[in-house]
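The values are calculated or read from the model by the stated rules, or taken from the named source; none is laboratory data. Keep in mind it's a predicted model, so treat the numbers as computed, not measured. Using ideal geometry, Cβ is built from the backbone for each residue, glycine included, and neighbour counts are taken over all protein chains shown. Surface areas here come from the heavy atoms of the whole protein model, side chains and all, with no ligands, DNA or RNA. Shrake-Rupley method; radii C 1.70, N 1.55, O 1.52, S 1.80 Å.
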Amino acid sequence: MMEFSTWDILRNLLLAARWTVVLSLVSFLGGGIVGALLLFLRIGGNRVLTAFTRYYVELFQGTPLLMQLFLAFFGLGLFGINVPAWLAAGIALVLWTAAFLAEIWRGCVEAVARGQWEASASLGMGYVQQMRYVILPQALKVAIPPTVGFSVQVVKGTALTSIIGFVELSKAGTVVTNATFQPFTVYGLVALIYFALCWPLSKSSQALERKLNAAHRNH
Amino acid sequence: MNYAFSFSWLTEYYPVLLKGILITIELIAVGGLFGVALGTACAWARALGPAWLKPLVSAYVELIRNTPFLIQLFFIFFGLPSLGLRLSELEAANLAMVVNLGAYSCEIVRAGIQATPRGQFEAGASLAMSPIQTFRYVVLVPALQRIWPALSSQVVIVMLGSAVVSQIAAEDLTFAANFIQSRSFRAFEAYFVTTAIYLALAILLRRALAGIGAMIFARRPAR
(Lines give C-alpha, C1' and ligand atoms only; values in the text may rest on other atoms or scores of the structure.)
Protein backbone atom coordinates (compact mmCIF):
# COMPACT_ATOMS: atom_id res chain seq x y z
CA MET A 1 0.00 0.00 0.00
CA MET A 2 1.17 3.49 -0.80
CA GLU A 3 1.86 5.96 1.96
CA PHE A 4 0.49 9.49 1.64
CA SER A 5 1.96 12.41 3.50
CA THR A 6 -0.22 15.29 4.67
CA TRP A 7 1.45 17.40 1.99
CA ASP A 8 0.38 14.92 -0.71
CA ILE A 9 -3.20 15.20 0.51
CA LEU A 10 -3.14 18.98 0.81
CA ARG A 11 -1.53 19.43 -2.62
CA ASN A 12 -4.21 17.38 -4.36
CA LEU A 13 -6.98 19.16 -2.50
CA LEU A 14 -5.59 22.57 -3.40
CA LEU A 15 -5.39 21.58 -7.07
CA ALA A 16 -9.09 20.64 -6.96
CA ALA A 17 -9.92 23.85 -5.07
CA ARG A 18 -9.15 25.75 -8.28
CA TRP A 19 -12.37 24.37 -9.73
CA THR A 20 -14.32 25.42 -6.68
CA VAL A 21 -13.01 28.95 -7.21
CA VAL A 22 -13.74 28.93 -10.96
CA LEU A 23 -17.25 27.56 -10.50
CA SER A 24 -17.94 30.08 -7.72
CA LEU A 25 -16.82 32.98 -9.93
CA VAL A 26 -18.86 31.79 -12.92
CA SER A 27 -21.95 31.24 -10.75
CA PHE A 28 -21.60 34.59 -9.03
CA LEU A 29 -21.02 36.60 -12.21
CA GLY A 30 -23.64 34.72 -14.24
CA GLY A 31 -26.05 34.84 -11.32
CA GLY A 32 -25.41 38.56 -10.98
CA ILE A 33 -26.31 39.21 -14.62
CA VAL A 34 -29.45 37.03 -14.57
CA GLY A 35 -30.31 38.41 -11.13
CA ALA A 36 -30.09 42.02 -12.39
CA LEU A 37 -32.37 41.08 -15.27
CA LEU A 38 -34.87 39.53 -12.86
CA LEU A 39 -34.65 42.62 -10.64
CA PHE A 40 -35.62 44.94 -13.50
CA LEU A 41 -38.45 42.63 -14.53
CA ARG A 42 -39.63 42.62 -10.93
CA ILE A 43 -39.63 46.38 -10.34
CA GLY A 44 -40.51 47.35 -13.91
CA GLY A 45 -44.21 47.59 -13.09
CA ASN A 46 -45.52 45.01 -15.59
CA ARG A 47 -47.87 42.79 -13.62
CA VAL A 48 -47.20 39.58 -15.54
CA LEU A 49 -43.42 39.96 -15.34
CA THR A 50 -43.60 40.84 -11.64
CA ALA A 51 -45.61 37.69 -10.98
CA PHE A 52 -43.18 35.62 -13.04
CA THR A 53 -40.16 36.80 -11.05
CA ARG A 54 -42.03 36.31 -7.76
CA TYR A 55 -42.72 32.67 -8.63
CA TYR A 56 -39.19 32.20 -9.97
CA VAL A 57 -37.69 33.36 -6.68
CA GLU A 58 -40.20 31.37 -4.61
CA LEU A 59 -39.40 28.23 -6.62
CA PHE A 60 -35.63 28.49 -6.31
CA GLN A 61 -35.66 29.55 -2.66
CA GLY A 62 -38.26 26.92 -1.72
CA THR A 63 -36.53 23.85 -3.15
CA PRO A 64 -33.17 22.26 -2.30
CA LEU A 65 -30.21 23.29 -4.45
CA LEU A 66 -29.39 19.59 -4.73
CA MET A 67 -32.75 18.94 -6.44
CA GLN A 68 -32.12 21.83 -8.84
CA LEU A 69 -28.77 20.27 -9.72
CA PHE A 70 -30.38 16.86 -10.32
CA LEU A 71 -33.13 18.38 -12.46
CA ALA A 72 -30.59 20.36 -14.53
CA PHE A 73 -28.45 17.26 -14.92
CA PHE A 74 -31.24 14.86 -15.91
CA GLY A 75 -33.57 17.48 -17.43
CA LEU A 76 -31.04 18.68 -20.00
CA GLY A 77 -30.34 15.06 -20.81
CA LEU A 78 -33.93 14.67 -21.95
CA PHE A 79 -33.16 16.80 -24.98
CA GLY A 80 -30.82 14.09 -26.14
CA ILE A 81 -27.70 16.07 -25.22
CA ASN A 82 -24.99 14.32 -23.29
CA VAL A 83 -24.74 16.80 -20.42
CA PRO A 84 -21.33 17.13 -18.79
CA ALA A 85 -21.47 17.66 -15.02
CA TRP A 86 -19.81 21.10 -15.20
CA LEU A 87 -22.53 22.41 -17.53
CA ALA A 88 -25.41 21.19 -15.37
CA ALA A 89 -23.61 22.51 -12.28
CA GLY A 90 -23.00 25.90 -13.89
CA ILE A 91 -26.56 26.34 -15.13
CA ALA A 92 -28.19 25.28 -11.86
CA LEU A 93 -25.89 27.46 -9.74
CA VAL A 94 -26.35 30.51 -11.98
CA LEU A 95 -30.15 30.22 -11.81
CA TRP A 96 -30.06 29.60 -8.05
CA THR A 97 -27.71 32.53 -7.39
CA ALA A 98 -29.83 34.79 -9.61
CA ALA A 99 -32.95 34.08 -7.54
CA PHE A 100 -31.26 35.03 -4.28
CA LEU A 101 -29.44 38.10 -5.65
CA ALA A 102 -32.62 39.40 -7.31
CA GLU A 103 -34.43 39.14 -3.97
CA ILE A 104 -31.58 40.80 -2.04
CA TRP A 105 -31.34 43.65 -4.54
CA ARG A 106 -35.09 44.17 -4.62
CA GLY A 107 -34.94 44.81 -0.89
CA CYS A 108 -32.18 47.35 -1.51
CA VAL A 109 -34.14 49.24 -4.18
CA GLU A 110 -37.18 49.29 -1.93
CA ALA A 111 -35.02 50.63 0.91
CA VAL A 112 -34.57 53.86 -1.05
CA ALA A 113 -37.04 56.34 0.42
CA ARG A 114 -40.24 56.96 -1.60
CA GLY A 115 -39.54 60.67 -1.57
CA GLN A 116 -36.53 60.07 -3.82
CA TRP A 117 -38.80 58.67 -6.54
CA GLU A 118 -41.21 61.55 -6.15
CA ALA A 119 -38.48 64.17 -6.07
CA SER A 120 -36.84 62.86 -9.23
CA ALA A 121 -40.23 62.58 -10.96
CA SER A 122 -40.98 66.17 -10.05
CA LEU A 123 -37.75 67.17 -11.80
CA GLY A 124 -39.21 65.67 -14.96
CA MET A 125 -36.96 62.59 -15.02
CA GLY A 126 -38.14 59.51 -16.89
CA TYR A 127 -38.03 56.00 -15.42
CA VAL A 128 -34.59 55.21 -16.82
CA GLN A 129 -33.16 58.53 -15.65
CA GLN A 130 -34.64 58.07 -12.18
CA MET A 131 -33.05 54.66 -11.95
CA ARG A 132 -29.72 55.72 -13.39
CA TYR A 133 -29.14 58.97 -11.48
CA VAL A 134 -31.17 58.71 -8.28
CA ILE A 135 -32.30 55.25 -7.21
CA LEU A 136 -29.53 52.83 -8.24
CA PRO A 137 -26.60 54.85 -6.84
CA GLN A 138 -28.28 54.83 -3.43
CA ALA A 139 -29.48 51.22 -3.68
CA LEU A 140 -26.01 50.07 -4.68
CA LYS A 141 -24.53 51.33 -1.45
CA VAL A 142 -27.03 49.35 0.59
CA ALA A 143 -26.59 46.31 -1.66
CA ILE A 144 -22.83 45.76 -1.44
CA PRO A 145 -22.53 44.18 2.05
CA PRO A 146 -25.33 41.58 1.63
CA THR A 147 -24.12 40.78 -1.89
CA VAL A 148 -20.61 40.07 -0.65
CA GLY A 149 -22.15 38.11 2.20
CA PHE A 150 -24.14 35.99 -0.23
CA SER A 151 -21.01 35.10 -2.18
CA VAL A 152 -20.15 32.89 0.81
CA GLN A 153 -23.34 30.91 0.18
CA VAL A 154 -22.31 30.51 -3.47
CA VAL A 155 -18.89 29.11 -2.56
CA LYS A 156 -20.52 26.69 -0.13
CA GLY A 157 -23.20 25.85 -2.69
CA THR A 158 -20.57 24.64 -5.16
CA ALA A 159 -19.83 21.77 -2.75
CA LEU A 160 -23.11 20.14 -3.82
CA THR A 161 -21.95 19.86 -7.43
CA SER A 162 -19.66 17.04 -6.27
CA ILE A 163 -22.83 14.94 -5.95
CA ILE A 164 -23.60 15.10 -9.68
CA GLY A 165 -19.97 14.25 -10.40
CA PHE A 166 -18.25 17.59 -10.90
CA VAL A 167 -14.71 17.24 -9.54
CA GLU A 168 -14.03 20.15 -7.23
CA LEU A 169 -12.84 20.43 -3.65
CA SER A 170 -15.52 18.23 -2.03
CA LYS A 171 -15.31 15.52 -4.67
CA ALA A 172 -11.53 15.57 -4.36
CA GLY A 173 -12.00 15.12 -0.61
CA THR A 174 -14.01 11.95 -1.22
CA VAL A 175 -11.54 10.64 -3.81
CA VAL A 176 -8.52 11.32 -1.61
CA THR A 177 -10.27 9.73 1.38
CA ASN A 178 -10.90 6.58 -0.62
CA ALA A 179 -7.20 6.44 -1.51
CA THR A 180 -5.71 7.28 1.88
CA PHE A 181 -8.30 5.98 4.41
CA GLN A 182 -7.77 9.14 6.46
CA PRO A 183 -11.22 10.77 6.49
CA PHE A 184 -10.52 12.82 9.63
CA THR A 185 -7.45 14.53 8.14
CA VAL A 186 -8.85 14.88 4.63
CA TYR A 187 -12.27 16.31 5.50
CA GLY A 188 -10.64 18.47 8.17
CA LEU A 189 -8.35 19.94 5.51
CA VAL A 190 -11.22 20.31 3.03
CA ALA A 191 -13.17 22.24 5.69
CA LEU A 192 -10.14 24.46 6.36
CA ILE A 193 -9.72 25.27 2.65
CA TYR A 194 -13.41 26.22 2.39
CA PHE A 195 -12.96 28.29 5.52
CA ALA A 196 -9.95 30.06 4.00
CA LEU A 197 -12.07 30.90 0.94
CA CYS A 198 -15.20 31.98 2.80
CA TRP A 199 -14.00 33.68 5.96
CA PRO A 200 -12.37 36.70 4.23
CA LEU A 201 -15.61 37.21 2.31
CA SER A 202 -17.69 37.04 5.51
CA LYS A 203 -15.36 39.44 7.30
CA SER A 204 -15.27 41.96 4.46
CA SER A 205 -19.06 41.83 4.25
CA GLN A 206 -19.25 42.74 7.94
CA ALA A 207 -16.62 45.47 7.57
CA LEU A 208 -18.42 46.95 4.55
CA GLU A 209 -21.66 46.92 6.47
CA ARG A 210 -20.13 48.96 9.28
CA LYS A 211 -18.44 51.35 6.87
CA LEU A 212 -21.33 51.93 4.47
CA ASN A 213 -23.87 52.13 7.26
CA ALA A 214 -22.22 55.32 8.54
CA ALA A 215 -24.19 57.48 6.09
CA HIS A 216 -27.37 55.48 6.60
CA ARG A 217 -27.63 56.35 10.29
CA ASN A 218 -28.49 59.98 9.49
CA HIS A 219 -31.92 59.15 8.07
CA MET B 1 -37.19 16.03 -27.65
CA ASN B 2 -38.58 12.52 -28.04
CA TYR B 3 -39.17 11.66 -24.44
CA ALA B 4 -42.44 10.33 -23.07
CA PHE B 5 -42.93 11.40 -19.48
CA SER B 6 -44.24 8.69 -17.25
CA PHE B 7 -45.37 8.84 -13.66
CA SER B 8 -46.73 5.29 -13.47
CA TRP B 9 -43.90 4.36 -11.07
CA LEU B 10 -45.70 6.43 -8.45
CA THR B 11 -48.24 3.64 -7.84
CA GLU B 12 -45.46 1.20 -6.98
CA TYR B 13 -43.03 3.48 -5.16
CA TYR B 14 -45.21 5.94 -3.22
CA PRO B 15 -44.55 4.11 0.09
CA VAL B 16 -40.82 4.76 -0.43
CA LEU B 17 -41.54 8.46 -0.93
CA LEU B 18 -43.78 8.56 2.13
CA LYS B 19 -41.09 7.01 4.30
CA GLY B 20 -38.59 9.53 2.95
CA ILE B 21 -40.94 12.41 3.73
CA LEU B 22 -41.38 11.16 7.30
CA ILE B 23 -37.62 10.95 7.85
CA THR B 24 -37.07 14.42 6.42
CA ILE B 25 -39.77 15.73 8.80
CA GLU B 26 -38.15 13.88 11.72
CA LEU B 27 -34.75 15.35 10.80
CA ILE B 28 -36.00 18.93 10.74
CA ALA B 29 -38.10 18.47 13.89
CA VAL B 30 -35.11 17.23 15.91
CA GLY B 31 -32.63 19.50 14.13
CA GLY B 32 -34.87 22.54 14.49
CA LEU B 33 -35.67 22.04 18.16
CA PHE B 34 -32.17 21.20 19.41
CA GLY B 35 -30.48 23.51 16.89
CA VAL B 36 -32.41 26.54 18.10
CA ALA B 37 -31.84 25.50 21.72
CA LEU B 38 -28.08 25.24 21.09
CA GLY B 39 -28.15 28.53 19.18
CA THR B 40 -29.94 30.27 22.05
CA ALA B 41 -27.40 28.96 24.56
CA CYS B 42 -24.55 30.14 22.31
CA ALA B 43 -26.22 33.52 21.82
CA TRP B 44 -26.43 33.92 25.59
CA ALA B 45 -22.76 32.95 25.92
CA ARG B 46 -21.68 35.35 23.19
CA ALA B 47 -23.75 38.32 24.33
CA LEU B 48 -23.82 37.95 28.12
CA GLY B 49 -21.68 34.95 29.05
CA PRO B 50 -18.30 34.72 30.81
CA ALA B 51 -15.31 36.17 28.96
CA TRP B 52 -13.49 32.84 28.52
CA LEU B 53 -16.48 31.30 26.74
CA LYS B 54 -16.92 34.03 24.11
CA PRO B 55 -13.93 33.23 21.86
CA LEU B 56 -14.82 29.52 21.90
CA VAL B 57 -18.38 30.17 20.79
CA SER B 58 -17.18 32.69 18.18
CA ALA B 59 -14.77 30.12 16.74
CA TYR B 60 -17.56 27.52 16.55
CA VAL B 61 -19.95 29.94 14.84
CA GLU B 62 -17.38 31.20 12.32
CA LEU B 63 -16.15 27.71 11.50
CA ILE B 64 -19.64 26.35 10.80
CA ARG B 65 -20.90 29.40 8.92
CA ASN B 66 -17.91 29.38 6.57
CA THR B 67 -17.85 25.70 5.57
CA PRO B 68 -20.37 23.71 3.49
CA PHE B 69 -22.94 21.57 5.31
CA LEU B 70 -21.92 18.61 3.14
CA ILE B 71 -18.36 18.73 4.49
CA GLN B 72 -19.61 19.07 8.08
CA LEU B 73 -21.73 16.00 7.49
CA PHE B 74 -18.83 14.00 6.00
CA PHE B 75 -16.54 15.08 8.82
CA ILE B 76 -19.03 13.92 11.45
CA PHE B 77 -19.94 10.66 9.72
CA PHE B 78 -16.59 9.59 8.21
CA GLY B 79 -14.08 11.58 10.27
CA LEU B 80 -15.26 11.28 13.86
CA PRO B 81 -15.10 7.45 14.04
CA SER B 82 -11.29 7.78 14.10
CA LEU B 83 -11.77 9.66 17.40
CA GLY B 84 -13.92 6.75 18.60
CA LEU B 85 -17.29 8.41 17.98
CA ARG B 86 -19.19 6.10 15.65
CA LEU B 87 -22.69 7.28 14.71
CA SER B 88 -25.44 5.74 12.61
CA GLU B 89 -26.43 7.56 9.41
CA LEU B 90 -29.49 9.13 11.02
CA GLU B 91 -27.64 10.11 14.20
CA ALA B 92 -24.88 11.73 12.15
CA ALA B 93 -27.45 13.56 10.00
CA ASN B 94 -29.29 14.78 13.11
CA LEU B 95 -26.08 15.88 14.82
CA ALA B 96 -24.86 17.72 11.70
CA MET B 97 -28.16 19.59 11.41
CA VAL B 98 -28.16 20.56 15.10
CA VAL B 99 -24.55 21.78 14.91
CA ASN B 100 -25.24 23.68 11.68
CA LEU B 101 -28.46 25.35 12.78
CA GLY B 102 -26.92 26.06 16.19
CA ALA B 103 -24.27 28.30 14.63
CA TYR B 104 -26.67 30.19 12.36
CA SER B 105 -29.38 30.65 14.99
CA CYS B 106 -26.73 31.84 17.47
CA GLU B 107 -26.10 34.91 15.32
CA ILE B 108 -29.82 35.49 14.75
CA VAL B 109 -30.80 35.18 18.43
CA ARG B 110 -27.82 37.32 19.46
CA ALA B 111 -29.11 40.13 17.26
CA GLY B 112 -32.41 39.88 19.12
CA ILE B 113 -30.68 40.00 22.52
CA GLN B 114 -28.55 42.97 21.53
CA ALA B 115 -31.61 44.88 20.37
CA THR B 116 -33.03 44.62 23.91
CA PRO B 117 -33.11 48.08 25.54
CA ARG B 118 -30.62 48.42 28.43
CA GLY B 119 -33.46 49.40 30.71
CA GLN B 120 -34.84 45.84 30.54
CA PHE B 121 -31.65 44.42 32.07
CA GLU B 122 -31.60 47.19 34.68
CA ALA B 123 -35.26 46.64 35.50
CA GLY B 124 -34.57 42.92 36.02
CA ALA B 125 -31.58 43.69 38.25
CA SER B 126 -33.58 46.23 40.28
CA LEU B 127 -36.13 43.47 41.03
CA ALA B 128 -33.22 41.47 42.53
CA MET B 129 -33.21 38.99 39.67
CA SER B 130 -29.93 37.24 38.93
CA PRO B 131 -28.48 37.83 35.43
CA ILE B 132 -29.70 34.36 34.43
CA GLN B 133 -33.21 35.05 35.74
CA THR B 134 -33.28 38.40 33.94
CA PHE B 135 -32.26 36.65 30.75
CA ARG B 136 -34.81 33.88 31.12
CA TYR B 137 -37.83 35.87 32.33
CA VAL B 138 -37.28 39.37 30.89
CA VAL B 139 -35.00 39.30 27.86
CA LEU B 140 -35.36 35.97 26.08
CA VAL B 141 -38.98 35.85 24.90
CA PRO B 142 -39.17 39.40 23.48
CA ALA B 143 -35.77 38.78 21.86
CA LEU B 144 -37.05 35.60 20.20
CA GLN B 145 -40.18 37.41 19.12
CA ARG B 146 -38.12 40.11 17.43
CA ILE B 147 -36.10 37.63 15.36
CA TRP B 148 -38.75 34.94 14.84
CA PRO B 149 -39.20 35.62 11.08
CA ALA B 150 -35.41 35.41 10.45
CA LEU B 151 -35.17 32.28 12.59
CA SER B 152 -38.06 30.67 10.69
CA SER B 153 -36.35 31.33 7.34
CA GLN B 154 -33.16 29.76 8.65
CA VAL B 155 -35.02 26.63 9.78
CA VAL B 156 -36.54 26.32 6.29
CA ILE B 157 -33.09 26.73 4.74
CA VAL B 158 -31.71 23.96 6.96
CA MET B 159 -34.66 21.72 6.02
CA LEU B 160 -33.89 22.20 2.32
CA GLY B 161 -30.19 21.71 3.03
CA SER B 162 -31.00 18.36 4.65
CA ALA B 163 -31.37 16.93 1.12
CA VAL B 164 -27.63 16.17 1.18
CA VAL B 165 -27.87 13.72 4.12
CA SER B 166 -28.80 11.16 1.46
CA GLN B 167 -25.07 11.20 0.64
CA ILE B 168 -24.26 9.31 3.85
CA ALA B 169 -27.17 6.95 3.12
CA ALA B 170 -29.56 8.49 5.64
CA GLU B 171 -32.89 7.47 4.12
CA ASP B 172 -34.52 10.87 3.70
CA LEU B 173 -36.69 12.13 0.84
CA THR B 174 -33.74 12.61 -1.53
CA PHE B 175 -32.52 9.11 -0.72
CA ALA B 176 -35.99 7.86 -1.73
CA ALA B 177 -35.72 9.77 -5.03
CA ASN B 178 -32.29 8.28 -5.72
CA PHE B 179 -33.61 4.81 -4.92
CA ILE B 180 -36.63 5.23 -7.20
CA GLN B 181 -34.64 6.58 -10.13
CA SER B 182 -32.17 3.71 -9.88
CA ARG B 183 -35.03 1.18 -10.00
CA SER B 184 -37.44 2.79 -12.46
CA PHE B 185 -34.91 4.68 -14.64
CA ARG B 186 -37.27 7.64 -14.44
CA ALA B 187 -34.69 10.08 -13.10
CA PHE B 188 -36.23 13.35 -14.23
CA GLU B 189 -39.74 12.44 -13.11
CA ALA B 190 -38.53 11.13 -9.74
CA TYR B 191 -36.58 14.33 -8.99
CA PHE B 192 -39.41 16.49 -10.35
CA VAL B 193 -41.94 14.95 -7.98
CA THR B 194 -39.46 15.11 -5.09
CA THR B 195 -38.72 18.78 -5.79
CA ALA B 196 -42.46 19.53 -5.71
CA ILE B 197 -42.72 17.72 -2.36
CA TYR B 198 -39.83 19.77 -0.96
CA LEU B 199 -41.55 22.96 -2.12
CA ALA B 200 -44.76 21.88 -0.37
CA LEU B 201 -42.81 20.95 2.78
CA ALA B 202 -41.06 24.35 2.76
CA ILE B 203 -44.37 26.20 2.46
CA LEU B 204 -45.99 24.05 5.17
CA LEU B 205 -42.99 24.48 7.49
CA ARG B 206 -43.09 28.26 7.04
CA ARG B 207 -46.81 28.24 7.92
CA ALA B 208 -46.25 25.95 10.91
CA LEU B 209 -43.48 28.15 12.28
CA ALA B 210 -45.63 31.26 11.86
CA GLY B 211 -48.36 29.41 13.78
CA ILE B 212 -45.96 28.35 16.54
CA GLY B 213 -44.72 31.94 16.74
CA ALA B 214 -48.25 33.26 17.08
CA MET B 215 -48.84 30.72 19.88
CA ILE B 216 -45.66 31.46 21.86
CA PHE B 217 -45.90 35.22 21.50
CA ALA B 218 -49.68 35.47 21.93
CA ARG B 219 -50.91 38.68 23.53
CA ARG B 220 -47.49 40.28 23.50
CA PRO B 221 -47.35 43.52 21.57
CA ALA B 222 -44.54 43.46 19.01
CA ARG B 223 -41.68 45.79 19.83
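Taking every residue in A:164-170 and counting other chain Cβ atoms within 10 Å of its Cβ, the average works out to 1. Computed from label points 7 Å out along Cα-Cβ, the spacing between B:GLU91 and B:LEU56 is 2.3 nm.
Pop the C-beta distance of A:LEU136 and A:ARG54 into the FRET formula with R0 = 22 Å and round what comes out to the nearest 0.05. It comes to 0.55.
Less than 20 Å from a label point 7 Å out along the Cα-to-Cβ axis of A:ARG18: which backbone N atoms in segment A:129-161 qualify, by residue? Only A:155, A:158-159, A:161 fall inside the zone, counting backbone N under 20 Å. Whole-Hz Karplus values for segment A:66-80 come out as 4, 5, 4, 5, 4, 5, 5, 5, 7, x, 5, x, 5, 7, x Hz, taken residue by residue from phi with 6.51 cos²θ - 1.76 cosθ + 1.60 and θ = phi - 60°; glycine and proline positions read x.
The mean number of partner chain beta-carbon atoms within 10 angstrom of a residue's beta-carbon across peptide B:59-69 is 6. Here the Karplus relation 6.51 cos²θ - 1.76 cosθ + 1.60, evaluated at θ = phi - 60°, turns the backbone of segment A:147-152 into coupling constants of 5, 4, x, 5, 4, 4 Hz, with x for every Gly and Pro.
Backbone phi angles across segment B:43-54, fed through the Karplus curve with coefficients 6.51, -1.76 and 1.60 (θ = phi - 60°), yield HN-Hα couplings of 5, 4, 4, 6, 8, 10, x, x, 4, 5, 7, 4 Hz in residue order; Gly and Pro are listed as x.
Compute the projected area of the convex hull of the Cα atoms of the protein assembly as shown, averaged over all viewing directions, and report it in nm² to one decimal place.
Details: hull surface 105.1 nm².
Approximately 26.3 nm², given one-decimal rounding.
Percent of C-alpha pairs per 10 Å bin in segment B:9-216, short distances first: 8, 29, 30, 20, 9, 3, 1.
Show that you can apply the helix-only estimate: for chain B, add -39,500 (n - 2.57) for every DSSP H stretch of four or more residues, divide by all residues, and state [θ] at 222 nm to the nearest 500.
-24500 deg cm²/dmol
When the P(r) is computed for segment B:31-117, the part past 17 Å accounts for 50% of the Cα-Cα pairs. Taking Cα atoms, how many degrees apart are the long axis of helix A:169-180 and the longest axis of chain A, rounded to 10 and kept between 0 and 90? Helix A:169-180 sits roughly 10 degrees off the main axis of chain A.
Here the peptides A:132-143, A:95-106, B:120-131 are ranked by packing, the mean other Cβ count within 10 Å, and the order with the highest first is A:95-106, A:132-143, B:120-131. Peptide A:156-163 has a mean of 5 when you count, residue by residue, the C-beta atoms of other protein chains within 10 Å of its C-beta. The shape of segment B:1-65 can be summarised by an equivalent ellipsoid whose semi-axes, obtained from the alpha carbon gyration tensor, come to 45, 15, 7 Å from longest to shortest. To put it simply, the accessible area of segment A:63-219 at a 1.4 Å probe is 66 percent carbon and sulfur.
Hydrodynamic analysis of chain A uses the Kirkwood radius over alpha carbon pairs. Inserted into Stokes-Einstein at 10 °C and 1.306 mPa s, it gives a translational diffusion coefficient of 81 µm²/s. If a spin label sat at a point 7 angstrom from the Cα of B:SER6 along the line to its beta carbon, the backbone N atoms of segment B:182-208 nearer than 14 Å would be those of B:182-190.
Under 17 Å of direct C-alpha separation, and excluding same-chain neighbours fewer than eight residues apart, A:LYS156 reaches these aspartates and glutamates: A:GLU168, B:GLU62.
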